[in-house]
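The values are calculated or read from the model by the stated rules, or taken from the named source; none is laboratory data. No experiment lies behind these values; they were computed from the predicted model shown. Glycine gets a Cβ as well: all are built from the backbone with ideal geometry, and neighbour counts include every protein chain shown. With ligands, DNA and RNA removed, areas are computed over all heavy atoms of the protein, side chains included. Shrake-Rupley method; radii C 1.70, N 1.55, O 1.52, S 1.80 Å.
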Amino acid sequence: MRKKNIYNRILSILCSVLDAYSAVLFLPLPGEDPEKEDCAYYIASVFSLGDKVDRNMIVRKGQGLVGWILRNQEPLLVSNYDQRRNHLGYYDKIEENTIKAFMGCFLPKGAGAICLDSKRQYSFSEKDQKLLYLFAELLSDMQREISERESRNVIFSYYAALRLIYELRKRHSRWSAFLKHFLDLLSDTTGFSYGLFCSRDSHGENYTVEGETRPILHAPGAQPPAFTMHHGVVGWVFKNSAPVFNQCASGSPEASLVGASSLPNFQTIMACPLVIQRKTRGVLCLAAEQRLEMSEATKDFVKMAADHLALFLENIYVKCRLRDLHRHTVALQENMEMDGQVE
């Protein structure tokens, strides 16, 4: 919210100084690569004398005047705006027909664009365009500093979360309680709306839902649902023993975690295998209905959390094996003693 307020104040200054009707800032969608030709941009901030700007508008390189600036990385000045030949896209048709002048400038390295329009013809000059470029450089520097600061804060929060995850083993000895707190902590830290953990059966043909942050697949008190290895992202991770970091369109087959229709259409998915005794015995998943940025720091954090969970399960596995071995040894000794008494 604070970042949006800063952007909004700068846009309001621009509108006042250059006597514009609206000022609109476009930035890449979270997770989009500005270097790619099909990079999508959203409206990060708006200051307008009206209320007709479509804040949900998404533009790609080459689409309309804004897309032209984004693709060519060049400023643009249209003193006499002709709606028959030009297209803005962030107004409805009725409001766009009232626009008479347009000016836009790119943010360096494909980081976005800043656009101004006016309801008066020839209201912008080349001198105004040079001033707009200075503001674009300022916004670019601010954006870089804010991103660096946010990255530092994210890394610190991940470190703090890893400490809490380590302490969970001491606080919760029961597996079910530990898993619930583990998934909740992981989801809250990363900003993903859904967390899931699945384990494979002894035959390696199916996997079972053991825990989730909200009851979508596993109803409280019901038998945990099972799925085959041929279904969903989880099944793929089990079979290939490799992580998945996926961003996909809503409703696409890749968005299915387990192949169940009852799940939401997730657009961002992270899934990591848990390797125990050289076999993938579990899969840890995070998912979100919207597109979220998956930075290297986020991927590393989730991988480390998955490794920690695998270590926890391996300790349980070893303890169970030792307990079973101890029981077998005791039973064998008792049988030998009984055989000796019989003789």
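The mean of 1/r over all distinct Cα pairs in segment 1-60, once inverted, gives the Kirkwood hydrodynamic radius of 12.4 Å. Counting only protein chain heavy atoms and rolling a 1.4 Å probe, the accessible areas of D201, D300 rank, largest first, as D300, D201. In straight-distance terms, cross-link reach from K127 covers every one of the lysines whose alpha-carbon lies under 25 Å from its own, apart from those fewer than eight places away in the same chain; here that gives K100, K109, K119. When the surface is traced with a 1.4 Å probe over the full set of protein chains, W68 keeps roughly 80 Å² accessible.
Estimated from the Cβ-Cβ distance and a Förster radius of 30 angstrom, the FRET efficiency linking K109 and N265 is about 0.40. Each Cα pair under 8 Å and six or more residues apart adds its sequence gap; the mean of these over the residue count of the chain is a relative contact order of 11 percent. Placing +1 at every Lys and Arg Cβ and -1 at every Asp and Glu Cβ, with all other atoms neutral, what dipole size does the chain have around its Cα centre, in debye to the nearest 20? The calculated dipole for the chain is roughly 540 debye. For the charge dipole of the chain, defined by +1 on Lys and Arg C-beta atoms and -1 on Asp and Glu C-beta atoms about the Cα centroid, which residue among C198, A310, I99 has the Cα displaced farthest towards the positive pole? Of the options given, the answer is I99.
Averaging the inverse of every distinct alpha carbon separation and then flipping it gives the Kirkwood radius. What is it for segment 138-269, in angstrom units?
With all distinct Cα pairs of segment 138-269 included, I get 16.9 Å.
Summarising the label geometry, the points placed 7 Å from Cα in the beta-carbon direction at T98 and H231 lie 5.4 nm from one another.
Here the Karplus curve 6.51 cos²θ - 1.76 cosθ + 1.60, taken at θ = phi - 60°, turns the phi angles of segment 201-215 into couplings of 7, 5, 8, x, 9, 10, 10, 10, 7, 9, x, 8, 6, 9, x Hz, with x standing for Gly and Pro.
FRET efficiency for the T208 to Y166 pair, using the beta carbon distance and R₀ = 22 Å, is estimated at 0.25.
Accessible surface of H181, taken over heavy atoms with a 1.4 Å probe and every protein chain present, rounds to 90 Å². Among K170, K52, K100, the order of accessible area from largest down is K170, K52, K100, computed with a 1.4 Å probe on protein heavy atoms.
The charge dipole of segment 135-185, taken about its Cα centre with unit charges on the Cβ of Lys, Arg, Asp and Glu (plus for the first two, minus for the last two), comes to roughly 680 debye. In this rough spin-label picture, where each label sits 7 Å from Cα along the Cβ direction, the Q223-K239 distance is 2.5 nm. In the assembled protein chains, K303 presents an accessible area of approximately 80 Å² (probe radius 1.4 Å). What does the charge add up to near L168, with Lys and Arg as +1, Asp and Glu as -1, over the other residues with Cβ less than 12 Å from its Cβ? Cβ neighbours under 12 Å give a net charge of +4. Using alpha-carbon positions, what is the distance between the centroids of segment 74-152 and segment 199-224, in Å? Segment 74-152 and segment 199-224 have Cα centres spaced 51 Å from each other. Taking volume of the Cα convex hull per residue in Å³ straight from the coordinates, which label in [x] 148; [y] 164; [z] 192 is the correct one? Identified label for the calculated read-out: [y].
Label-to-label distance for S173 and K130 is 7.6 nm, based on points extended 7 Å past Cα in the beta-carbon direction. Computed in the context of the full set of protein chains, the accessible area of the chain at 1.4 Å probe radius has 50% of its extent on carbon or sulfur.
Heavy atoms of the protein chains alone define the surface here; on that basis segment 79-171 has 60 Å² accessible area per residue at 1.4 Å probe size. Each of N56, L14, I114 was scored by the projection of its Cα onto the charge dipole of the chain, and the greatest displacement toward the positive side belongs to L14; charges sit on the C-beta of Lys, Arg, Asp and Glu.
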